[in-house]
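S.K.: Pasting a structure here, questions to come.
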Amino acid sequence: MRCALSRLSLGTGTQLRLQQRLLGASVNASASIDTNHIAPQAQRLGHLLDNICNNQRSDFSLRSMATSSTEGAGAVRALMYDTPGEPLDALSLRELPPAAPCGPEEVQLRFLMVPINPSDVNTVQGKYPIMPQLPGGVPGHEGVAEVVAVGPQVRSLSPGDWVVPLRPAQGTWRSGGTFAAADWHRVPREIGVEAAATIVINPPSALGMLENFLDLQPGETVAQNGATSAVGEAVIQIARAKGLKTINIIRERPDMATTVSRLTSLGADLVTTEQRLKEDLKASGLPAPRLGLNCVGGTAANAVTRILKECGTLVTYGGMSMQPVTAPTASMIFKDISFRGFWLSGRWSVEQGPTGRAAVLDRISQLYLQGALQPPVVQSFPLGGWRDAFAAVGAAHRGRKVVFDMRREE
């Protein structure tokens, strides 16, 4: 099956739009765009994304439903869509017939809990580079499932194991299905279902950004905005485990004291707002950070950039405000600040390969088992309550990760 990303071979205008989609917001260093410069970058991006697709078996489509085992399985329920759009308009809950037995190298899975991530929403909207084959696409990049049955040639997994996706774009918003065993990785049950359901995207993003750009040493400082996000909370905890200090910028909110208390309990050294950042940082005595992490954009990105020390690096991994990341002239000229991007399912995933991705998941599992990492607080809904779940996703300052709990009676 040819991946939908093959459209990246189109012209410069399409390449540019898709390149912008990767960032969730424009990244501006000047008022004009040199398309002669962007075209080769977009071509390289297209090759990268083709590499992702050619090295994964996407089970987004209805086809995977038709190859699952009948052992202990009734009708399969799945959230599906036929054309991109807003989730409440595009999605529908569909009941599908029980599927066929596993192939030799396949496993039948029963999903336990799956989250709703921003990348999932963008996928349904048609704004994410990795998209399902439509019509009949099943979203969902992450989640934990229990192995129900295995094919005769499967040696790495057994019935009863808990597994998570080793590759992106498996289409997890469903009650069950059959998948290639090589695309799933076992995680210890002892970490708990909430940790297992959310282990694939946010903790690896935090770990990757802390390790892949600079050789940070214990005692150094990292600054981030969006600190209440799942990635932000993982950054705080993993940084603490590595002996790093964190400066955490959040928005003003009604439950400010409660939020500060929670982040501090996770290991945050300073929690502040854009407005109080300069004053609070001076009072804290923390050294200026070399690494800054941005998932918001706009003024929040500038706030992190301005406190970086000379030759520091700002890494952007999201654009929640939908505002561009602008590079302050003084920061670039006088401090030689570098601006980088991080996409877990893209270049990082390709560079790590299956073995590297599995090793990262094992490292994170150990952090959970050691008590160095706590899972996000979740707000759960049955799959049949998906409309209520998306209403919760859109709530301001929700402070909880919205998940589908497949174990709940509907």
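S.K.: In debye, nearest 20, what is the charge dipole magnitude of the range 202-345 about its Cα centre with +1 on Lys and Arg Cβ and -1 on Asp and Glu Cβ, if you could check?
M.R.: 100
S.K.: If you don't mind, another one. When we measure straight from the Cα of LYS127, which aspartates and glutamates land under 12 angstrom away, once same-chain ones fewer than 8 places off are left out?
M.R.: GLU86
S.K.: How big is the charge dipole of the range 253-296 about its Cα centre, in debye rounded to the nearest 20, if each Lys and Arg gets +1 on its Cβ and each Asp and Glu gets -1 on its Cβ?
M.R.: Once rounded to the nearest 20, the dipole reads 80 debye.
S.K.: May I pose another question? Counting alpha carbon pairs within less than 8 Å and at least 6 residues apart, what relative contact order, in whole percent, applies to the range 229-364?
M.R.: Worked out over the range 229-364, it gives 16 percent.
S.K.: Quick one: if you stick a label point 7 Å off each Cα along the C-beta vector at LEU93 and LYS309, how many nm between them?
M.R.: So the two model labels end up 5.3 nm from each other.
S.K.: Could you name the lysines whose alpha carbon sits less than 22 Å from that of LYS335, not counting residues in the same chain fewer than 8 places away?
M.R.: Those lysines meeting the cut-off are LYS245, LYS278, LYS282, LYS309.
S.K.: Among ASP89, ASP120, ASP215, what is the fewest-to-most ranking by other Cβ atoms within 10 Å?
M.R.: Lowest count first: ASP215, ASP89, ASP120.
S.K.: Now a separate question. Whole Å is fine, so just give me how far the alpha carbon centre of the range 369-410 lies from that of the range 232-277.
M.R.: A separation of 21 Å, based on Cα centres.
S.K.: Once amide H atoms are placed 1.01 Å from N in the peptide plane, what residues at a sequence separation of 5 or more from LEU112, or on another chain, have their amide H within under 5 Å of its amide H?
M.R.: VAL144, ALA145, GLU146
S.K.: Distance from the Cα centre of the range 92-120 to that of the range 169-227, in angstrom?
M.R.: 20
S.K.: Another one. In debye, nearest 20, what is the charge dipole magnitude of the range 259-410 about its Cα centre with +1 on Lys and Arg Cβ and -1 on Asp and Glu Cβ, if you could check?
M.R.: Roughly 140 debye, rounded to the nearest 20.
S.K.: Something else now. When a footprinting reagent is the concern and you count Cβ atoms within 10 Å, what order do VAL164, VAL144 take, fewest first?
M.R.: Exposure proxy ranking, most exposed first: VAL164, VAL144.
S.K.: Mind listing which trypsin sites (Lys or Arg not before Pro) in the range 114-187 are in a DSSP loop and have 12 or fewer other Cβ atoms within 10 Å?
M.R.: ARG155
Rule-based calculations on the coordinates, nothing more; no lab input. The structure displayed is predicted, hence computed values, not measured ones. Note: ideal-geometry Cβ built from the backbone for every residue, glycine included; neighbour counts use all protein chains shown.
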